[in-house]
1. What's the local net charge at Ile61, with K and R +1, D and E -1, over the other residues with C-beta under 10 Å away?
2. Counting Lys +1, Arg +1, Asp -1, Glu -1, what net charge surrounds Arg138 among other residues with beta carbon under 11 Å of its beta carbon?
3. Distance between Cα centroids, the stretch 97-111 to the stretch 27-55: provide it in whole Å.
4. Quick one: if you stick a label point 7 Å off each Cα along the C-beta vector at Asn164 and Leu45, how many nm between them?
5. Using the basic label-point model (7 angstrom from Cα toward the beta carbon), what is the Gln143 to Ser125 distance in nanometres?
6. Strictly over 23 Å apart at the Cα level, which of Lys46/Lys122; Lys37/Lys134; Lys37/Lys122 would you flag in this model?
7. Quick one: grab the alpha carbon gyration tensor of the stretch 1-140, order the square roots of its eigenvalues as a ≥ b ≥ c, and give me rounded if a/c is under 1.5, else prolate or oblate depending on whether a/b is larger than b/c.
8. Using a simple spin-label model with points 7 Å from Cα along the Cα→Cβ vector, what separation in nm is obtained for Arg57 and Lys177?
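The values are calculated or read from the model by the stated rules, or taken from the named source; none is laboratory data. Computed from a predicted structure; not experimentally measured. All Cβ positions, glycine included, derive from the backbone under ideal geometry; neighbour counts span all protein chains shown. Ligands, DNA and RNA are excluded from the accessible area calculation, which covers all protein heavy atoms including side chains. Shrake-Rupley method; radii C 1.70, N 1.55, O 1.52, S 1.80 Å.
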Amino acid sequence: MYNEMENDILKVLFSQEDIARRVAEMGTELAERFQGKKPLFLGVLKGCFVFMSDLVRACPIKSDLEFIAVSSYGNATSSSGRVQITHDVQQDITGRDLIIVEDILDSGNTLYYLLDVLKLRKAASIRICTLLDKPERRAKPIQADYTGFVVPDAFVVGYGLDYNQQYRNLPYIGVLKEEVYR
Ligand code: PRP
């Protein structure tokens, strides 16, 4: 069937197969690292939802999961330093080993803020797992512990990542044509 989103994609950066392969590796690595610890996967909505669902299924250990939603007052292409929690976790995270799951680490503003909040809640450990890392854009001193792919400073969409809430359902990660967001 004709895919009406495809016209807006300049090129595919990571195919469905590339992503599946890398997510499987990441799941195995996390399983080895966290076996016996029953970690708590903490997904940052909305972008994480596709990655999170594949990652937890690729990680065959006892674990549970939560979601947190934040809004950052930025424009369509970049976040700002001002972040607010709009949906919070539903359980006490004291003493838990947290794995924060992100689709993309960009300026670092979101995680800089979230880490501050989560540290106050006395988790035993906090690790950051991001599918994509865009280090060129970093404004805060945040580093991921587990990274799927490093990406250039291009507008990427798909596999959970959006532009104006669109394209999250593309099964691959692509670069959006400039004419779409200019
Ligand atoms: C994206 C992404 C991260 C954040 C990263 O979320 O999911 O949470 O931006 O950017 P930063 O490192 O510059 O803070 P977005 O605000 O686009 O919301 P969404 O997850 O609902 O798409």
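1. +3
2. -1
3. 12
4. With each label point 7 Å from Cα toward Cβ, the separation is 2.4 nm.
5. The answer from the label model is 1.6 nm.
6. Table pairs above 23 Å Cα-Cα are Lys46/Lys122; Lys37/Lys134.
7. oblate
8. 3.2
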